[in-house]
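The values are calculated or read from the model by the stated rules, or taken from the named source; none is laboratory data. Here the structure is a predicted model, which is why all the values come from computation and not from measurement. Every residue, glycine among them, receives a Cβ derived from its backbone with ideal geometry; neighbour counts consider all protein chains shown. SASA here: full protein model, heavy atoms, side chains in, ligands and nucleic acids out. Shrake-Rupley method; radii C 1.70, N 1.55, O 1.52, S 1.80 Å.
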Amino acid sequence: MTDPALLYPLGLHLAGRPVTVVGGGGVAARRASGLVQAGAIVTVVAPAAGAELRSLAQTGALTWRARPYAPRDLDGAWLAHTATGVPEVDAQVAADAEAARIWCVTASDHRSSAAWVPAVARRDQVTVAVSAGGDPRRAMALRDAIATALDAGSLPLRHHRRAEGAGTVHLVGGGPGDPGLITVRGRRLLAEADVVIADRLGPRSLLGELSAEVLVIDVGKLPGHHPVPQDEINALLVEHALAGSRVVRLKGGDPFVLGRGGEEAEYCRSHGVPVEIVPGVTSAISVPAAAGIPVTHRGVAGGFTVVTGHEQIAGLPGGADHTVVLLMGVSALAGSAGALAAGSRGGGCPVAIIEDGYGPNQRVTIGTLDTIAAQAEARGVRSPAVIVVGNVVGLSPHAGPDVRLAPAALGAPALAGTVPAFSTLENLVPRKAFT
């Protein structure tokens, strides 16, 4: 019996090397598939094979010898796996492999096996292999727990050896600011970064979890105040990547939704720096949702447009049944509201302003195109804020009784009634109230 304490963990580079798998069932198929992915030259020996093995053979990924095992099947092999389910055959394969000094994994009897296959998790260049003394379920549970921690970026993933040549730039959309709303991929890349170039509206609380060795460069912009111009941000990305660093450009929302991510990606590529785009949860959709406002709803709004408050918006399509989402629109709110009111939406069209969406100071102000600018001034509305224009505002649980859509009216194309001149809710209940 093999003592688990005497195992010597080892990673094998099998690419281009012959490996023999004996057996045609599910276990043999899993082993063969994993070996193919590792680049091995795989030969399967079995009188009959399941659908997965037959498919791999048909595509040329492996060779299938449709006959019983013979000792010559191990000739030239670097490694053998036997998983026939017949103890006598598996024992014979193991004995032949031992005599030929070939490592053999015996699926039917791990206690006498010369080699074990661990439970494996792979994340980019990290491979985790877990053995648990012949208890595969325990090994898989541990592997899954470690994989979850890797995905969450809660393990020390940062590289300590610089890659040769240029580094990389990852444009990571951090979502609306809540650290729980960044993607798994984005969180993991942040944990691996050497340099983080961060916006004001990203999940900045995650920066405090980084190693002290990580260089964090704050390039946050305030309305009308851009201490680090965009061309300097572009130059910083390229400078640190060409020095061999793994650079994360941590942005609020999604990099490609009014976030100038396209400009940054183009600049990096033009200087020979590889770029990965990691999408984020855009505030244009998520922040209205925090206030219970869907940007589309059957019978209420069939489409939406996202613009900045600095754009010419008089020609936007539709009426109150086409939602308009204004980003970075607080400073130009009066002009934007006037332009929209002059069109088919009219001055009575509902409007909601959501400040600090998903943040500790989240606040909603609801009014109309005619009243919202004065309300915002009276309330001292400040960015970051997302402005929503359209009938969907009436779906918010915080809309006043005159604007709220009754369940029976949800199929109606337009709102009945008028919007109260002033309707607000400060410090909304945490978002879990909307789940």
Q) What angle, in degrees between 0 and 90 and rounded to the nearest 10, separates the Cα long axis of helix 230-242 from the longest principal axis of the Cα atoms of the chain? A) 10 degrees
Q) Roughly how many percent of the accessible protein surface of the stretch 1-99 is carbon and sulfur, given a 1.4 Å probe and a whole-percent answer? A) 58 percent
Q | Taking the C-alpha atoms of the stretch 237-372, convex hull volume expressed per residue in Å³ | A | 134 Å³
Q: Compute the length gained on full extension between residue 8 and residue 86: take 0.36 nm times their separation in residues and subtract their Cα-Cα distance, giving the result in nm to one decimal.
A: 25.3 nm
Q. Pick from 373, 290, 141: which residue has the top mean-square fluctuation in a GNM of the chain where Cα pairs under 10 Å get a spring?
A. 141
**Q.** Distance between the stretch 170-185 and the stretch 253-325 - C-alpha centres, whole angstrom
**A.** 15 Å
**Q.** Angstrom value of the Kirkwood radius, inverse mean 1/r, which spans all Cα pairs in the stretch 70-119
**A.** 10.7 Å
Q.
With only alpha-carbon pairs counted, each pair once and no self-pairs, how large is the Kirkwood hydrodynamic radius of the stretch 97-196 in angstroms?
A. 16.5 Å
Q.
No solvent, one uniform scatterer per C-alpha: report log10 I(q)/I(0) for the stretch 53-153 via the Debye equation at q = 0.19 1/Å, two decimals.
A. -1.03
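What share of Cα pairs, in percent, lie more than 17 angstrom apart in the stretch 261-335?
Numbers: 1680 of 2775 pairs.
The answer is 61 percent, as a whole percent.
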Q.
Give me the base-10 log of I(q)/I(0) for the chain at each q in 0.10 Å⁻¹, Debye formula, one uniform scatterer per Cα, rounded to two decimals.
A. -0.83
**Q.** Over the stretch 170-221, equivalent-ellipsoid semi-axes from the Cα gyration tensor in Å
**A.** 15, 13, 10
**Q.** Per DSSP, loop GluC sites (Glu not before Pro) in the stretch 92-198 with at most 12 further Cβ within 10 Å
**A.** 164
Q) Using a simple spin-label model with points 7 Å from Cα along the Cα→Cβ vector, what separation in nm is obtained for residue 63 and residue 209? A) 4.9 nm
Q) Among rounded, prolate and oblate, which fits the stretch 318-390 when a ≥ b ≥ c are the square roots of the eigenvalues of its C-alpha gyration tensor, a/c under 1.5 means rounded, and a/b larger than b/c means prolate? A) prolate
(Q) Checking the a/c ratio against 1.5 first, then a/b against b/c, what shape does the Cα gyration tensor give for the stretch 188-258? (A) oblate
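What FRET efficiency would be calculated for the residue pair residue 374, residue 144, taking the C-beta separation as r and a Förster radius of 41 Å, to the nearest 0.05?
The formula returns an efficiency of 0.15 here.
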Q | Rounded accessible area per residue of the chain, 1.4 Å, Å² | A | 49 Å²
Q: Treating the angle as unsigned and between 0 and 90°, give the value, to the nearest 10°, between the Cα long axis of helix 136-152 and the longest Cα principal axis of the chain.
A: 30 degrees
(Q) I want to verify a result. In a Gaussian network model of the chain, Cα cutoff 10 Å, which of these has the top mean-square fluctuation: 396, 331, 55? (A) 55
Q.
So for the stretch 1-120, considering every pair of alpha-carbon atoms, how many percent are separated by more than 25 Å?
A. 15 percent
Q. In µm²/s, what is D for the stretch 185-303 at 4 °C and 1.567 mPa s, where D = kT/(6 pi eta Rh) by Stokes-Einstein and Rh is the Kirkwood radius from Cα pairs?
A. 83 µm²/s
Q: Give the calculated FRET efficiency between residue 99 and residue 159 to the nearest 0.05, with a Förster radius of 30 Å applied to their Cβ-Cβ distance.
A: 0.10
